[in-house]
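Everything below concerns the one structure shown next.
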Amino acid sequence: MKVIELYNVNKIYGKDIKTQALYDITLNVEKGEFVSIIGQSGSGKSTLLNIVGTLDKASTGSVSINGKDISSLNKKDLADLRNKEIGFVFQFHYLLPEFTVLENVLMPYEISGMKVSKAVKDHAIELLNLVGLKNYMNKYAGNLSGGQQQRTAIARALINNPSIVLADEPTGNLDTKSTREVYELFRDINTNMKTTFMIITHDNRIAEKTDRVIEISDGRIIN
Ligand SMILES: Nc1ncnc2c1ncn2[C@@H]1O[C@H](COP(=O)(O)OP(=O)(O)O)[C@@H](O)[C@H]1O
Ligand SMILES: [Mg+2]
């Protein structure tokens, strides 16, 4: 089953001064695939990921997520799709330092106003166990190391059981050891939950371990 389908996607930023960031991107990703995106700075990687994640809109072309053309969705349905199906991990984790690790993982619930049931809390603790932070759940996020904070952000990205995880240079400011740990964690989740991964990385050691490497140059897929 295809979970991500892009057909002839173009992205042009700006009205008066136009910058074309993507040219005719056609791309399919199957359920459970683990894909990396590589390319020079400014080549269009983040633009592509943000369009897949419905955070940004294609100028022309079509985008389908889990078989659904997203242009048919209104704002609310789009936000629902994003919350339920997609987990985001960014280079800077945007944790709230004054809240505990557990509270940060549960933040998507707090934000959307949903009640945190015991089952949800147990799931959050299970995810913290998976990322090796169960013993840290009541510590303030601000007191954790960079690698631990990024692992907290990964647990947060997984709280709604997304079918797709999108990561934009998730290990960009981590040391070699933490980088490898984050990658191995992604792989475990990919294997155990059949979660589809699309990861932007400039780290070739990570890219070469993924199922497929998509290379972008000047807004075009070249490989
Ligand atoms: N909001 C924006 N407005 C105008 N131009 C943008 C915007 N975001 C990105 N760009 C331009 O689009 C191109 C691709 O950017 P980006 O997708 O961020 O590349 P990458 O993630 O590969 O570094 C660049 O030329 C960048 O300057
Ligand atoms: Mg980028």
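The values are calculated or read from the model by the stated rules, or taken from the named source; none is laboratory data. None of these values were measured; they are calculated from a predicted model. Heads up, the Cβs are rebuilt from the backbone with ideal geometry, glycines too, and the neighbour counts pull from every protein chain shown. The accessibility values were calculated without ligands, DNA or RNA, using every heavy atom of the protein model including side chains. Shrake-Rupley method; radii C 1.70, N 1.55, O 1.52, S 1.80 Å.
Using helices alone, what [θ] at 222 nm do you get for the chain, with -39,500 (n - 2.57) per DSSP H run of 4 or more residues, divided over all residues and rounded to the nearest 500?
-10000 deg cm²/dmol
Take the chain, connect every pair of alpha-carbon atoms lying under 10 Å apart with a spring to form a Gaussian network, then pick out the residue of Gly42, Gly14, Gly53 with the largest mean-square fluctuation.
Gly14
Mind putting a number on the dipole of the stretch 1-94 about its Cα centre? Charges go on the C-beta only, +1 for Lys and Arg and -1 for Asp and Glu, and I need it in Debye to the nearest 20.
Working: 12 positive and 10 negative charges, 47 e Å.
That gives the stretch 1-94 a dipole magnitude of about 220 debye.
Please identify the trypsin sites (Lys or Arg not before Pro) of the stretch 174-203 that satisfy two criteria: DSSP loop assignment and at most 14 other Cβ atoms within 10 Å. Which are they? Before the final figure, lay out each step's value.
Working: sites: Lys177, Arg180, Arg187, Lys194; in loops: Lys194.
Of the trypsin sites (Lys or Arg not before Pro), the ones in loops of the stretch 174-203 whose Cβ has at most 14 other Cβ atoms within 10 Å are Lys194.
Count the net charge of all other residues whose Cβ sits under 15 Å from the Cβ of Asn66, scoring Lys and Arg as +1 and Asp and Glu as -1.
-1
Only Lys, Arg, Asp and Glu count, each charged at its Cβ (+1, +1, -1, -1), so figure out the dipole size of the stretch 68-139 about its Cα centre, rounded to 20 debye. Provide the component values of the computation, followed by the final result.
Working: 10 positive and 9 negative charges, 20 e Å.
Approximately 100 debye in magnitude.
Take the chain, connect every pair of alpha-carbon atoms lying under 10 Å apart with a spring to form a Gaussian network, then pick out the residue of Thr19, Thr210, Thr100 with the largest mean-square fluctuation.
Thr19
Dipole magnitude of the chain about its Cα centre, charges +1 at Lys/Arg Cβ and -1 at Asp/Glu Cβ only, in debye to the nearest 20?
Working: 27 positive and 26 negative charges, 74 e Å.
The calculation lands at about 360 debye.
Local charge sum around Gly219 (other residues, Cβ-Cβ under 15 Å, Lys/Arg +1, Asp/Glu -1)?
0
For Tyr13, what charge total do you get from the other residues with a beta carbon under 12 Å from its beta carbon, if Lys and Arg give +1 and Asp and Glu give -1?
+2
For Cα pairs less than 8 Å apart in space and 6+ apart in sequence, what is the mean separation divided by the residue count of the chain, i.e. the relative contact order in percent?
31
With a 10 Å radius around each residue's Cβ, average the other Cβ atoms per peptide and rank 119-125, 81-87, highest first.
Top to bottom by mean Cβ count within 10 Å: 81-87, 119-125.
Skipping prolines and chain starts, which residues have an amide H placed within reach, meaning under 5 Å, of the one on Ile216, given they are 5 or more residues away or on another chain?
Ile38, Gly39, Ile222
Per residue, how many Å² of accessible area does the stretch 2-221 show with a 1.4 Å probe?
On the way: 11150 Å² over 220 residues.
Value for the stretch 2-221: 51 Å² per residue.
Springs between alpha-carbon atoms under 10 Å, Gaussian network over the chain: tell me which of Ser46, Ser36, Ser71 tops the mean-square fluctuations.
Residue with maximal mean-square fluctuation among Ser46, Ser36, Ser71: Ser71.
Amide H neighbours of Val3 under 5 Å, at least 5 residues apart or on other chains, H built in the peptide plane: list them.
Amide H neighbours of Val3: Val29, Glu30, Lys31.
Using Cα-Cα distances under 8 Å and only pairs 6 or more residues apart, what relative contact order does the stretch 97-187 have, in percent? Show your work: numbers first, answer last.
Working: 82 pairs, mean separation 31.3, N = 91.
Once divided by the residue count of the stretch 97-187, the mean separation gives 34 percent.
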